[in-house]
1. Given the pairs LYS77/LYS102; LYS10/LYS205; LYS182/LYS247; LYS69/LYS124; LYS69/LYS114; LYS20/LYS256, which span a C-alpha to C-alpha distance of over 26 angstrom in this model?
2. How large is the charge dipole for segment 72-221, taken about the Cα centre, if only the Cβ atoms of Lys, Arg (+1) and Asp, Glu (-1) carry charge, to the nearest 20 debye?
3. By the gyration tensor of its Cα atoms, with a ≥ b ≥ c the square roots of the eigenvalues, what is the shape of segment 146-278: rounded for a/c under 1.5, prolate for a/b over b/c, or oblate?
4. Would you list TYR264, TYR213 from fewest to most Cβ contacts within 10 Å?
5. For GLU101, which sequence-distant residues (separation of 5 or more, or a different chain) have an amide H within less than 5 Å of its own amide H, given hydrogens modelled in the peptide plane?
6. Less than 14 Å from a label point 7 Å out along the Cα-to-Cβ axis of TYR258: which backbone N atoms in segment 193-210 qualify, by residue?
7. Place +1 on the Cβ of every Lys and Arg and -1 on the Cβ of every Asp and Glu in segment 112-178, take the dipole about the Cα centre, and give the residue among ILE176, LEU151, LEU135 whose Cα lies farthest towards its positive end.
8. Kindly provide the GluC sites (Glu not before Pro) of segment 67-147 that DSSP labels as loop, not H, G, I, E or B, and whose Cβ sees at most 16 other Cβ atoms within 10 Å.
Amino acid sequence: MSEISPAMRKLIHDYQFWQKSLSPDPEAINIKVDEVASKVASFYERIRKIVDWKEQHLMRRVAIERILKRRLLLRIKEQQIAEPFVFELIRGGYFPSTPIEKTKIGVIQNVLDKYIFILDNLKKIDIKDKNRGELYTDILGIAACEIEETLDPNFYFKQNALLNFVETIMRARIKIGERAQKLTEITKEEVNTQIYIAAQQALFKLDLPIISYNLIKRCYPFWNNASQGQIQEFTQNICIILEDIEKTLNHPLANKFYKIAERYDTPYLLLDDIITAN
């Protein structure tokens, strides 16, 4: 019998951790909703069963973005909006099977404060190629991704575990030809990033906001726990950061990486089902 590879062992370990994390903390105090909200959540759960993964999470993220945009427009300066924001999401049935602990409200407020700071300081930034409206929309989309991950971390953990596994396997298998190397001057780090993007697109059909968010976390590992100084520096360079992400997504070899990843998406998704079932 062949030995299990380190990458496979890590994937199995991550999935085991994910399975354990699904068990609710008996001491945690979860946010409860009223009966009407529960019925809405039940209806939403039935809808989820007839749409695919991408549509489910797109629906939820669009709702987060829409509600966030409205609450930011109506916000009084220095107002804490996390609690009504989270309650509105729960009442809307967007997290029907995910118990949300009350402690998450403070975490969400920190996330909101981070993006509010960025958005409030856009007027101080010299914007060249994008108008402020486009930049505002881009940042709001990234914020929605972080909020969703914060409220449903178990789902993201499992997704990222499979992505990391696929990236590790593809790194070992993909070799850049000498001609392509000369034409594109692609570096090893760029190859790894393109593999990472291709895995997201092929496996889960992830779209621009969430890939951008994942790239930010990859390039700035501190992002989810950024200090005020780090947030300020990030804000000052926001245009350059988003331009770099756009260039990365439009790399000349991006489509080739995607086609390679797409060949293997079915076996990896089957592997996901097998490990999850066991």
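Bear in mind that the values in this text are calculations on the coordinates, not laboratory data. Computed from a prediction, not measured in an experiment: that's the story for all the values here. Positions of Cβ are backbone-derived with ideal geometry, glycine not excepted, and every protein chain shown enters the neighbour counts.
1. Numbers: LYS77/LYS102 24 Å; LYS10/LYS205 24 Å; LYS182/LYS247 19 Å; LYS69/LYS124 20 Å; LYS69/LYS114 15 Å; LYS20/LYS256 38 Å.
Over 26 Å apart, Cα to Cα: LYS20/LYS256.
2. Working: 21 positive and 20 negative charges, 69 e Å.
Charge dipole, segment 72-221, about its Cα centre: 340 debye, nearest 20.
3. Numbers: a/c = 2.28, a/b = 1.09, b/c = 2.09.
Oblate shape, in that a/c is at least 1.5 and b/c is the bigger or equal ratio.
4. Details: TYR264 16, TYR213 21.
Fewest-to-most ranking of TYR264, TYR213: TYR264, TYR213.
5. ILE31
6. 194-209
7. ILE176
8. Numbers: sites: GLU78, GLU88, GLU101, GLU134, GLU146; in loops: GLU78.
Here the sparse-neighbourhood loop sites are GLU78.
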